[in-house]
Amino acid sequence: MIDCDVLVIGAGHAGCEAAHAASKLGLETCLITADLNKIAQMPCNPAIGGLAKGHLVREIDALGGIMGFQADKTGIQFQLLNRSRGGAVQAPRAQSDKALYRKDMTKFLRSLPNLHLVQGMVTQILKNGNLACGVKIHTGEKLFGKAVILTPGTFLNGLIHIGLEHHSAGRDGEPASLELSENLDKMGLRLFRLKTGTPMRLHRDAIDWSLLKPQSGDQNPVPFSFRTKTRLENKILCFIGYTNAKTHEVIHNSLDKSPLFSGIITGIGPRYCPSIEDKVVKFPHHSRHQFFLEPEGLNTPEVYVNGLSSSLPLETQNLILKSIPGLELAKILRPAYGIEYDAVDSTLLSETLETYPIANLYLAGQINGTSGYEEAAAQGLMAGINAVLKIQRKKSLILGRSEAYIGVLLDDLISQGVEEPYRLFTSRAEHRLHLRIDNADK
Amino acid sequence: MQEDTIIAISTPLGYGGLGVVRLSGTDALSIAQQIFRPKRKKQTFPPRRALLGNIYDFSKNEIFEEAFLIFFPAPRTYTREDVIEISCHGSPVVLEEVVRLGIKAGARHSEPGEFTLRAYLNGRIDVLQAEAIHDIIHASSIKQAKISFHQLEGGLSKKLLSLREQIIDMLSQIEASLEFPREKLKISPKSITKSLDRAVQTVLNLVESYNLGKTLAEGLTLVLAGRPNVGKSTLFNALLERERSIVTPFPGTTRDYLQEKIHIKDSVFTLTDMAGLDKTTQPAEQEGIKKGKKLALEADGILLVLDASKTQTNEDILLINKFEGKKIILLFNKSDLHKKMNVELFKKGHPDLASLEISALTGKNISLLKDLMREKFVPSTGKSEEIILHLRQKLLLESIYSALKLGRNLLMDGYSEEIYVEEIRKAVPLIGELTGEILNDDILKEIFKSFCVGK
Ligand SMILES: Cc1cc2nc3c(=O)[nH]c(=O)nc-3n(C[C@H](O)[C@H](O)[C@H](O)COP(=O)(O)OP(=O)(O)OC[C@H]3O[C@@H](n4cnc5c(N)ncnc54)[C@H](O)[C@@H]3O)c2cc1C
Ligand SMILES: Nc1nc2c(ncn2[C@@H]2O[C@H](COP(=O)(O)OP(=O)(O)O)[C@@H](O)[C@H]2O)c(=O)[nH]1
């Protein structure tokens, strides 16, 4: 087996940045992930950026990370949000071709000379005293390294809920990581339960697009990356639709089959990302709720229904669609679902994301209680850079709250911890007016 | 919860009667059991009941002082810890001996303000309430104590919390529209402006209440004015209810003026008598006269004394004119003698001035005068209005005011949300600092240092 300096577990958005950073900084790096065909998968919305998140991507780019460049390259519609407002609260957002993003990222990572991709399910972190020194995978094989960066996303004890049914999974169609949670718990990394969800995917051919309002990208798209030199092109339209009284009635009638309202789901979900049943119950005076239809790519019929995240049963999901003009005949390719998973108490982390109980073990991404591709990528990058700096006995790279959104993100995590899935907002930054997308490289 | 148990004398030193020593902490009871012997043998220490017994010196195995002990179990106590109060004879020697024994039995002498600090740390009170406790202890008037008590009850904190809620509500609307531009959430600048105006006014009222608070705390200053020999000094003494000889200036001694505090019901006044001045012609005292005049002009009110047993003079009228704009009570003194002054006519000439016929010598109408002084001079505190008493509070409120005001102006000038919201945002941590929610240690230490021990 290859002898590595840095082991990265999980090729999600955090893992990809971490592995890229470590190998780019010259260390032999091994990226171990459950399924090599799912590298950089976007399990939820087909988009990158937006407020605060777009800022993060710019900062990642300025620090040599890859998310921004890849998002530009595989983007199919681009918008600069808050164009009418001041520079500090403007942010780029791009619809992505998910499959292309995955493929291109895989190809790019494979091209890195110091990076080795390994398929395998990690079941245990190996320790030497209180120092992490390697991992064990499901085959029993052991891999050793000087630093272990763990980025397992929603896979730790993942439990998918659709209506009152549930099954173990890391995300749709992929097995959960079961042994690892227990192993972390035993090492003194306190675990707690969080919840998130995703809407249904529809077949584009069974949607009556004429009844929905189209939304196009910007005329002059603004890229994420300082390195993107090609002109960005809008290749798709998104569409806007609304729920109505009938939809809300359907939902109300089905609340007894909601795992959320019946108390089956105990993990805490994000307030800012409520499911449609949540919205209907909490805002009874709203006569309708907006949603977006976003194509998941150029060569797939799948359409993401942004705004209808749910864990109601499949039959209710069908009834919901039936109540909406334009979606009456819609065909669900993948049902909406909620997922519960284990996260680690992030106050056990130092500012380099190394854990206090186990030295040389770094945690990044969803495992730290965050949600979002960009938040994951930013942590992966910082963990990757700092793991290398520690191995090289160099001073760690810490960004302050006033310097970067990355600084705000990490500081919030380690000093306050997380009670619900953490998402970055520009308002979390005290120095918002100075943290701009056009000076992220400073 | 703090680890150790603290002890201190909790009544001001030098006061007679009863004195109280207080213990707080997990070991309060066990320490008390070592230094206190109940009269009835083998009696336990029942919660919240006065228990008669003796202070006991366990090293010498001797009892000395009779005392009462009350045990207040946590958490319903001042500090939210177990508290023991031992009341005994108030002499400093006795009290200090009890403290010494307590320390020998394992307690630690408390730092200044530590009981209150613990109450704060254990979440029983916020900083505003802690400050209020300090104020009650040091209140110079019952009125001030009442305001402080209201604060202690959380009146001011409640007001600030609701202000904070209002601001946060406003902020959340604006922030949501900034963070979720695709949702096209509409905010109405009009309703934001209105809400801001309301918040600004609330803060402004509080800032302005500081002067009132200060006056109430330190007392209103009143000056006795009038021609020589109209009876100012006599009135001064009558109001102070003491013998004239005490204030009679000794011949040859120089003094500018006399100043004393008097309490009338729940209010306090600082009374200034410049009688000593007009009885002298020494040039050396001209300086003092100047000073006295300045005092009179800065005073909150004037008691203008006239001699009703003499015909009125021009000088009397001049005096009234000199104090124009000030709150004045006209006093027709020596009303026990035959009246020469046409009091009714005089009153008609000054219909807007309060007046009273008195005799400083016999005490006639002096108690009426006291009522009149409260009525005329003490500013109304309103019904529910909060009053602030601390410079710290005032300065913070001023910062909150300017943040909100600036935010409002930027909004009116058409700046976009993220610019003006930046100013409004600043108000939130400032309110936190005011109530002590997000205080850094240094400020805390500063605040608690100025406390006397205990409540
Ligand atoms: C259903 C769902 C809905 C979501 N909704 C949103 C949303 O609305 N908005 C939003 O911003 N974000 C959402 N997210 C979150 C977003 O997808 C994640 O925050 C982000 O992908 C986390 O990145 P990550 O790198 O931490 O983990 P992931 O991207 O999840 O990657 C984890 C990787 O680790 C691998 N792995 C896991 N365990 C092991 C193991 N033991 N051994 C080897 N490999 C392992 C997995 O195979 C996977 O490749 C959602 C996620 C899910 C699943
Ligand atoms: N009869 C009578 N004599 C008074 C009264 N008040 C003061 N006097 C006398 O008036 C004289 C001057 O009083 P004093 O208080 O020294 O006057 P001041 O110069 O204004 O301070 C003294 O002899 C007092 O006893 C009063 O109400 N009635």
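Just so it is clear, none of the values below were taken in a lab; they were calculated from the coordinates. As the structure is a prediction and not an experimental result, all values here were calculated from the model. Cβ: placed from backbone, ideal geometry, glycine included. Neighbour counts: every protein chain shown.
Observations, loosely collected:
- Computed 3J(HN,Hα) for the range A:208-214, one whole-Hz value per residue from the Karplus formula 6.51 cos²θ - 1.76 cosθ + 1.60 where θ = phi - 60°, is 8, 5, 5, 8, 10, 8, x, glycine and proline marked x.
- Cβ-defined net charge surrounding residue B:110, 11 Å radius [Lys, Arg +1; Asp, Glu -1]: 0
- In summary, the lysines within cross-link reach of residue B:60, defined as a Cα separation below 17 angstrom excluding same-chain residues under 8 places away, comprise B:104.
- Residue by residue along B:178-190, Cβ atoms of other protein chains within 10 Å of the local Cβ number 5 on average.
- Overall Cα dimensions of chain A - principal axes, largest extent first, Å: 62, 46, 40
- Taking the average, over residues, of other Cβ atoms within 10 Å as the packing measure, peptides A:148-157, B:221-230, A:397-406 rank A:148-157, B:221-230, A:397-406 from highest down.
- Over chain A, relative contact order from alpha-carbon pairs under 8 Å, at least 6 apart, %: 24
- DSSP-assigned coil residues among trypsin sites (Lys or Arg not before Pro) in the range B:198-241, each with at most 10 further Cβ atoms within 10 Å: none
- In this structure the amide hydrogen of residue A:77, modeled in the peptide plane, comes within under 5 Å of the amide hydrogens of A:95, A:235, none closer than 5 places in sequence on its chain.
- Residue-wise HN-Hα couplings along the range B:292-309, as the Karplus relation 6.51 cos²θ - 1.76 cosθ + 1.60 with θ = phi - 60° gives them from phi, are x, 5, 4, 4, 4, 6, 8, 5, 6, x, 10, 9, 9, 9, 10, 9, 6, 8 Hz; Gly and Pro carry x.
- Listed residue (A:120, A:379, A:416) projecting farthest to the positive dipole end of chain A, Cβ model: A:379
- Scanning residues 5 or more positions from residue A:337 or on other chains, those with amide H under 5 Å from its amide H are A:198, A:310, with H placed 1.01 Å from N in the peptide plane.
- Per residue of peptide B:415-426, the mean number of Cβ atoms on other chains within 10 Å of the residue Cβ is 3.
- Farthest toward the positive end of the dipole of chain A, out of A:348, A:91, A:164, is the Cα of A:91, where the dipole comes from beta carbon charges about the Cα centre.
- Among A:11-20, A:334-343, the peptide with the highest mean count of other Cβ atoms within 10 Å heads the list, and the full ranking is A:11-20, A:334-343.
- The phi torsions of the range A:397-406, fed into the Karplus equation with coefficients 6.51, -1.76 and 1.60 and a -60° offset, translate into couplings of 9, 10, 9, x, 4, 8, 8, 7, 4, 4 Hz, rounded to whole numbers, with Gly and Pro shown as x.
- Relative compactness, the range A:1-75, computed as alpha-carbon Rg over 2.2 N^0.38 Å: 1.17
- Equivalent ellipsoid dimensions for the range B:1-132 as semi-axes, Å, which come from the Cα gyration tensor, largest first: 24, 16, 13
- Cα centroid of the range B:155-199 to Cα centroid of the range A:143-173, whole Å: 39
- Listed residue pairs exceeding 20 Å between alpha carbons, taken from A:279/B:158; A:24/A:395; A:195/A:322; A:53/A:395: A:279/B:158; A:195/A:322; A:53/A:395
- Partnerless Cys - chain A, beta-carbon criterion under 4.7 Å: A:16, A:44, A:133, A:238, A:273
- Restricting the range A:215-298 to GluC sites (Glu not before Pro) that sit in a DSSP loop and have at most 12 other Cβ atoms within 10 Å of their own Cβ leaves A:233.
- Stokes-Einstein D (µm²/s) once Rh is taken as the Kirkwood radius of the protein assembly as shown over alpha-carbon pairs, at 4 °C in 1.567 mPa s: 38
- Tilt relative to chain A, helix A:53-62 - C-alpha long axis, 0 to 90 degrees, to 10: 30
- The range B:12-116: trypsin sites (Lys or Arg not before Pro) in DSSP coil with no more than 13 other Cβ atoms inside 10 Å: B:39, B:40, B:41, B:42, B:48, B:49, B:60, B:76
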